[in-house]
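Here is the structure we will look at.
Quick note: the coordinates plus some simple rules give every number you see, no bench work behind them. Remember, it's a predicted structure, so these values are computed and weren't measured experimentally. For neighbour counting, all protein chains shown are included, and Cβ atoms are generated from backbone atoms with ideal geometry for every residue, glycine included.
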């Protein structure tokens, strides 16, 4: 997930995927359309068995495109299923516990909302990336914390730990975040609900990243 070449795309799955086989085919086309750093599997209310099934179907698609596969919230399942990493929120589990479960080689990222203090703490503890947001109103999560662009600007100027911008981000509004120094742009609805389709969204995001690099 290195971002030395500039901002990269961090895709989050829809929270409800009715047919994993259909989604896997769509995902394959989407990842083939341009550079994507990783895919985060984020399912609401899914059982462990369902999550396991989805991981086993979708992770090989990601790996075929050299895309890291990140599981949301569940370090235990991520480690058990061999995921490349896990993403945790501030209320899910302490970073140190997640790292102990995942091991030293896996990616562990942490949502920090608007807190640079929390971000610095987990970065110093060894987190691979920190996520700030929401920068825009989000249809994906109801309990969002509004975050100012300055958080990204200050972070990018003062630390080398990568940061992810998240929350309501689209092709139309991402440019300010890229200019502010975000290493990754995390997108859900801005990919899957894009008017021209998710593959076109990947192309259009990457066109913006290339222009601003």
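Annotations
- Only helices enter this figure: runs of n ≥ 4 DSSP H residues, each worth -39500 (n - 2.57), summed and divided by the residues of the chain, yield -12000 deg cm²/dmol at 222 nm to the nearest 500.
- Put in line by how crowded their Cβ is, counting other Cβ atoms within 10 Å and starting with the fewest, 22, 36 read 22, 36.
- Build a GNM of the chain with springs between Cα atoms under 10 Å apart, and of 90, 137, 18 the one that fluctuates most is 18.
- Note on the chain: with a GNM built from Cα contacts shorter than 10 Å, the maximum mean-square fluctuation among 87, 65, 117 falls on 117.
- The modelled label-to-label distance between residue 208 and residue 53, using points 7 Å beyond Cα along the C-beta direction, is 3.5 nm.
- The GNM of the chain, with springs linking C-alpha atoms under 10 angstrom apart, assigns the highest mean-square fluctuation among 181, 89, 133 to 89.
- Semi-axes of the equivalent ellipsoid for the chain, Cα gyration tensor, largest first, Å: 23, 22, 15
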